[in-house]
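One structure is given below, encoded as C-alpha cells.
The values are calculated or read from the model by the stated rules, or taken from the named source; none is laboratory data. All figures in this text were calculated on a predicted structure; none of them were measured in a lab. Reconstructed Cβ throughout: ideal geometry from the backbone, glycine too, with neighbour counts over all protein chains shown.
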Amino acid sequence: MTSRSGSLPERLRWLDEASRSDHCFLLPSDHCLYFGEFRPQAGAAPGSTNALIFDFKRPPSRIAASACAWEVQSFKDRAIASVARALRRQFGRAAVETRITFVPIPASKVAGEADYCDRLLRTLYLAFAGLAADIRPLLRQRASTPADHASGAGRLRFAELLALTELDPRQLARPPRALVALFDDVLTSGKHLCVAKARIREAYPEQAIIAVLVARRVRGAA
C-alpha cells in the first residue's frame with residue numbers, strides 16, 4: 001500500500017449557487033468554503049485532491065491491520081499536516097485569536113472504538129498551534145454509526161442523525177466567539193453540517209455559522 005501524496009488548491013473558495021444542488025441538504029443561507037473537489041469515481045491519482053482525501057480518511061483499523069502499519073500511518077499523518085498547512089494559510093492571526101470558534105464535525109464512531117478517528121480535531125490543533133485559537137469539539141454522537149460514504153442506501157436519515165447528535169455540556173462553559181466555523185473533510189449531501197448547525201442554534205439561536213471543508217463531492221463526476 002502506497003501514499004498518493006495528494007495536494008490541495010492554494011485558496012479556499014465559496015460554494016456557489018451553481019454547485020449547491022450537488023448537496024441536497026444545504027439551504028441558500030448556508031455559507032460553505034472548500035479547497036478542492038472530490039470525484040468518487042475518479043480513483044486516487046497521485047497528486048490529486050482525491051489522493052489526499054484517501055490518505056486523510058484512512059480508517060484506523062485498516063492501518064493497524066497493515067503489515068506496514070507505521071508507514072501507512074505516516075501517509076495519514078502527512079495528509080493531516082498538508083490540510084493543516086492549507087488551513088493556516090487561510091486565516092489571519094487576529095481572526096483566529098479573537099473572532100472564530102472552530103468546531104469539528106463529530107466522528108461517526110465514539111471514542112474507544114477501533115475506528116474512532118480524531119483527524120479533524122488533530123488537524124485544527126496542528127493548523128493553529130501557537131495561536132490563541134478557540135478549537136472546541138462542541139458536538140458528539142451518543143452512539144456509533146456507519147460512515148455515510150460506506151453505507152450506501154443504508155445511510156441515516158436527517159432526523160436519525162439529529163437524534164444521535166448532541167452538544168457536549170463540558171464545552172459550554174463559555175459561549176462561542178462571533179463566528180463558528182464547522183470543519184469537515186468532504187461535503188456530500190450537507191446533512192452533517194445541517195445537523196451540527198441545528199444543534200448549535202438550539203443553544204445559541206443567533207450564532208453566525210459557516211462551514212470549512214477540505215473538499216466537496218462532485219456529483220456524477222467520472
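General observations
- Counted residues, the range 126-152 - those being closer than 18 Å to residue 213 by Cβ and outside any loop (DSSP other than H, G, I, E, B): 6
- Only one of the listed residues (143, 159, 111, 129) is among the small types (Gly, Ala, Ser), in contact with a helix residue (DSSP H, G or I) (Cβ under 9 Å, 6 or more places away or on another chain) and closer than 20 Å to residue 195 by Cβ. That residue is 143.
- The single residue among 79, 44 that is crowded, with 16+ Cβ neighbours inside 10 Å and in a helix (DSSP H, G or I) turns out to be 79.
- Matching entry among 137, 176 (being surrounded by 15 or more Cβ atoms within 10 Å (Cβ to Cβ) and closer than 25 Å to residue 8 by Cβ): 137
- Index of the failed condition, residue 40 passing every other in (1) modelled with pLDDT of 90 or more; (2) within 24 Å of residue 157 (Cα to Cα): (1)
- Hits in the range 38-84 - residues which are without any contact (Cβ under 8 Å) to a residue 60 or more places away in the chain, within 17 Å of the chain's Cα centre (by Cα) and under 22 Å from residue 11 (Cα atoms): 50, 51, 54, 55, 76, 77, 80, 81, 84
- Pairs linking a residue in the range 167-178 that is in contact (Cβ under 8 Å) with a residue 24 or more places away in the chain to a residue that is charged (D, E, K, R) and surrounded by 15 or more Cβ atoms within 10 Å (Cβ to Cβ), with Cβ atoms under 7 Å and 6 or more positions apart or on different chains, are 167/199; 168/140; 171/136; 177/99; 177/134; 178/99.
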